[in-house]
């Protein structure tokens, strides 16, 4: 029986997750499998790999053949390099201690490389986030400036409207005052025009009365007044 180490798909559409399984080469991709030895999630950066390295190495030493994707995953975790060292130990070309030492050095170097790559990725993500934040900040400032400008324009329009209303009211008051002054002036002119005629009438009336009084006075009263005052009754 030919055994393969391959991926079995699971998860939802456009968000696939994979199981690393040991399966018969004749079985369908997502069909029956012999054993599950790990998981693989390519939806994150860097991709998440969780492998039972001892079981993977054991199956590889038994002759299981990984697919291309599975081989890349096992190489990333050092399983393929450990298999190479173990073959050398089995052939007597290298001792187990030297093989373990070489693997530890390789693993530390790999972890360092992964950490550097992760730092670069984090720095790039932070740069992108900062750029995005600055762009959003600029947009927000532009929007705030536009809102303030619209508010100022509205306040200016309201002030202009109030000023125009005040000017119109003032002009109306001035017009009314001018019309009232003109009316008062006309009334005064009319009164002044009528006043001389009344004064002339009043001045002519007393003269006529005096003439009449003079005419009405009797001659007897005139004679008595010429004689002088009357004598008191006691002297009589």
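Among the residues of segment 58-102, the ones that are surrounded by 18 or more Cβ atoms within 10 Å (Cβ to Cβ), more than 57 Å from the chain's Cα centre (by Cα) and either in contact (Cβ under 8 Å) with a residue 60 or more places away in the chain or closer than 27 Å to residue 17 by Cα (or both) come to 4 in all.
Being surrounded by 10 or more Cβ atoms within 10 Å (Cβ to Cβ), over 30 Å from residue 46 (Cα atoms), more than 49 Å from the chain's Cα centre (by Cα) and at pLDDT below 75 is the requirement here; does residue 167 meet it? So that I can check it myself, show each step before the final result.
Values: surrounded by 10 or more Cβ atoms within 10 Å (Cβ to Cβ): yes; over 30 Å from residue 46 (Cα atoms): yes; more than 49 Å from the chain's Cα centre (by Cα): no; at pLDDT below 75: yes.
For residue 167, the condition - surrounded by 10 or more Cβ atoms within 10 Å (Cβ to Cβ), over 30 Å from residue 46 (Cα atoms), more than 49 Å from the chain's Cα centre (by Cα) and at pLDDT below 75 - is not met.
The values are calculated or read from the model by the stated rules, or taken from the named source; none is laboratory data. Here the structure is a predicted model, which is why all the values come from computation and not from measurement. Cβ coordinates were reconstructed from backbone atoms using ideal geometry, including for glycine residues, and neighbour counts include every protein chain displayed.
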